[in-house]
Amino acid sequence: MRLPDRAGGLSATGWLDRRRTPLLAGLAAGLVAVAAALVAGHGAPQEALLAARWTARAAAPLFLVAYLASTLRTLWPGPVTTALRRRRRQWGLGFALAHSIHLAALLVNILAFRPRPVATLVGGGLAYALIYLMALTSNDASQRLLGRGWIWLHRIGIHHVWLVFTISYTGRAFHADPGYHAEGRILAPLFLAALALRLYAQWRPRR
């Protein structure tokens, strides 16, 4: 049984430990990003561009939570990190939901306003295939059925998505348009730091 906090509701840890919290976070992040783009944009082309850009940004924190949940629990054990680790699959599903909203916004932008090179679409398409494969297999039955194949699918999949994010934001850090610089110079180091933290947790000396 979870004890209520002093305000009469669930504690922060209890809220994080709810199965639906990551899904609600993913849905809210994507929809708020779209709404903000519709308010800030001037005309349909700019609204579509901002929606595609901002939904990707909104999905990134959910990915990082799923990517680092076990690492944070290893390095800093406690109620919050334990709750994040226990709901890691749900955070992955929350990311998949937020990124599906990004996909819808991106398709509107590509099909109606800004076509992309085929190579870019192939790379992004592979990332989405892996995201949905991981989402569909984020359950105990799939893990038992696939055995070690499940481990490799999720390990390769999550690092491929990490790589796509990192390459994308690194490119924006040096983009010809200075409007992209802040986004790239904040998020690219953040994703690199996430990988470094995972490697440190894996290879640090055991006491």
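The values are calculated or read from the model by the stated rules, or taken from the named source; none is laboratory data. Everything numeric here is computed off the predicted structure, so don't read it as measured data. Cβ sites come from the backbone with ideal geometry, for glycine too, and all protein chains shown count toward neighbours. The accessibility values were calculated without ligands, DNA or RNA, using every heavy atom of the protein model including side chains. Shrake-Rupley method; radii C 1.70, N 1.55, O 1.52, S 1.80 Å.
Could you tell me the distance between the Cα centroids of the stretch 45-80 and the stretch 128-198, to the nearest Å?
Their Cα centres are 10 Å away from one another.
Run the helix sum for the chain: -39,500 (n - 2.57) per DSSP H stretch of 4+ residues, divided by residue count, reported at 222 nm to the nearest 500 deg cm²/dmol.
So the calculated ellipticity at 222 nm is -27000 deg cm²/dmol.
Report the normalised scattering of the stretch 42-167 as log10 I(q)/I(0) at q = 0.12, 0.21, 0.23 Å⁻¹, calculated by the Debye formula with identical scatterers on the alpha carbons.
Normalising to I(0) and taking log10 leaves -0.51, -1.22, -1.37.
Suppose every K and R has +1 on its Cβ and every D and E has -1 on its Cβ; what is the size of the dipole of the chain about the Cα centre, in Debye to the nearest 20?
For this selection, approximately 960 debye.
Which order do Tyr132, Tyr180, Tyr200 take by accessible area at a 1.4 Å probe, largest first?
Details: Tyr132 80, Tyr180 30, Tyr200 125 Å².
Solvent-accessible surface, decreasing: Tyr200, Tyr132, Tyr180.
What number comes out for the charge environment of Leu106, summing +1 per Lys or Arg and -1 per Asp or Glu over other residues with Cβ under 15 Å away?
Numbers: positive: Arg53, Arg57, Arg114, Arg116; negative: Glu47.
Surrounding charge for Leu106 is +3.
At a 1.4 Å probe radius, which order do His159, His154 fall into by accessible area, largest first?
Ranking His159, His154 by accessible area, largest first, yields His159, His154.
GNM, the chain, Cα, under 10 Å: largest mean-square fluctuation among Pro178, Pro61, Pro79?
Maximum fluctuation in the GNM of the chain, among the listed residues, is at Pro178.
Taking only Cα atoms and a 10 Å spring cutoff, compute GNM fluctuations for the chain and point out the largest among Gly26, Gly124, Gly94.
Gly124
Multiply the residue gap between Leu111 and Ala28 by 0.36 nm, knock off their C-alpha separation, and tell me the result in nm, one decimal place. Don't skip to the answer; put the middle values down first.
Details: separation 83, 0.36 × 83 = 29.88 nm, distance 2.49 nm.
Using 0.36 nm per residue and subtracting the Cα-Cα distance, I get 27.4 nm.
Please give the contour-minus-distance gain from His159 to Arg57: 0.36 nm per residue of separation, less the Cα-Cα distance, rounded to one decimal in nm.
Length gained, His159 through Arg57: 34.9 nm.
Quick one: if you stick a label point 7 Å off each Cα along the C-beta vector at Arg204 and Leu38, how many nm between them?
Placing both labels 7 Å along Cα→Cβ, they lie 4.5 nm apart.
What FRET efficiency would be calculated for the residue pair Ala182, Arg20, taking the C-beta separation as r and a Förster radius of 25 Å, to the nearest 0.05?
The calculated FRET efficiency here is 0.15.
Over the stretch 33-88, what is the mean sequence separation of C-alpha contacts under 8 Å (at least six apart), divided by residue count, expressed as relative contact order in percent?
26
State the answer as a single residue: which of Ile167, Ala98, Leu146 lies farthest towards the positive end of the charge dipole of the stretch 84-187, with beta carbon charges of +1 for Lys and Arg and -1 for Asp and Glu, about the Cα centre.
So the residue furthest toward the plus end is Leu146.
Tell me, what is the per residue accessible area of the chain in Å², probe radius 1.4 Å?
58
I need the phi-derived Karplus couplings for the stretch 63-77: 6.51 cos²θ - 1.76 cosθ + 1.60, θ = phi - 60°, integer Hz, Gly and Pro marked x.
Coupling constants for the stretch 63-77: 4, 5, 4, 5, 5, 10, 4, 5, 4, 5, 5, 5, 7, 9, x Hz.
Where does helix 118-136 land angle-wise versus the long Cα axis of the chain, in degrees 0 to 90, nearest 10?
For helix 118-136, the angle is close to 30 degrees.
Mind grabbing the accessible area of Ile131 for me, 1.4 Å probe, Å², rounded to tens?
10
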